[in-house]
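Engineer: Sharing a structure below in structure tokens format, with a few things to ask.
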Amino acid sequence: MRFAPHHGIYAYERTNRKLKAAERRLRLDREKFPLFAEEIGESQPTPEELLAARARSFVTSQQNSRDRAARNWWQARAELRAIPDVILLQDDGTDLVERLFD
């Protein structure tokens with residue numbers, strides 16, 4: 001059993017569609033409370049700032065996910081190594097783990 005590297009690494013792409021969605025979300029947030037629309041608008045980030053924050057969190061999230069997968073893999077390998085050989089060896093002398101993963 002080998003650790004399979006994550007092949008789905010890709011950068012957060014800032015597209016026109018995402019920009020329009022961010023603009024729409026900010027507009028709907030302002031329209032939700034019309035009496036406070038001006039105050040809400042002042043406290044909101046621009047759509048570009050919103051997408052930049054999403055891009056930063058995307059990179060962090062991707063790395064955290066990869067780190068978690070690696071930790072789980074190492075933990076599973078340690079647990080497999082902790083199983084006594086008596087349990088792992090079959091009557092015919094073959095390794096149970098090899099038979100399971102072949």
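Engineer: For Pro34, are the conditions met, namely being modelled with pLDDT under 95 and under 30 Å from Gln75 (Cβ atoms)?
Structural biologist: Against the criterion (modelled with pLDDT under 95 and under 30 Å from Gln75 (Cβ atoms)), Pro34 does not qualify.
Engineer: Another question, if that's okay. May I ask you to list pairs of residues, at least six apart or on different chains, whose Cβ atoms are under 8 Å apart, with the first in the range 11-37 being without any contact (Cβ under 8 Å) to a residue 40 or more places away in the chain and more than 27 Å from Ser61 (Cα to Cα) and the second being outside any helix (DSSP H, G or I) and of a type outside the set (Val, Ile, Thr)?
Structural biologist: What qualifies is Arg30/Gln44.
Per-residue answers, yes or no, for (1) in contact with a Ser or Thr (Cβ under 8 Å, 6 or more places away or on another chain); (2) at pLDDT 90 or above; (3) charged (D, E, K, R):
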site: Glu42; (1), (2), (3): no, yes, yes
site: Ala55; (1), (2), (3): no, yes, no
site: Trp74; (1), (2), (3): no, yes, no
site: Leu80; (1), (2), (3): no, no, no
site: Val86; (1), (2), (3): no, no, no
site: Leu89; (1), (2), (3): no, no, no
site: Gly93; (1), (2), (3): no, no, no
site: Leu96; (1), (2), (3): no, no, no
site: Leu100; (1), (2), (3): no, no, no
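Engineer: With the checklist (1) within 30 Å of Ala69 (Cα to Cα); (2) modelled with pLDDT of 95 or more; (3) of a type outside the set (Val, Ile, Thr) in hand, flag the one item Tyr10 doesn't pass.
Structural biologist: Checking Tyr10 against (1) within 30 Å of Ala69 (Cα to Cα); (2) modelled with pLDDT of 95 or more; (3) of a type outside the set (Val, Ile, Thr), the one that fails is (2).
The values are calculated or read from the model by the stated rules, or taken from the named source; none is laboratory data. This one's a predicted model, so the numbers in the text were calculated from it and none came from an experiment. No Cβ is skipped: glycine too gets one built from the backbone with ideal geometry, and neighbour counts run over all protein chains shown.
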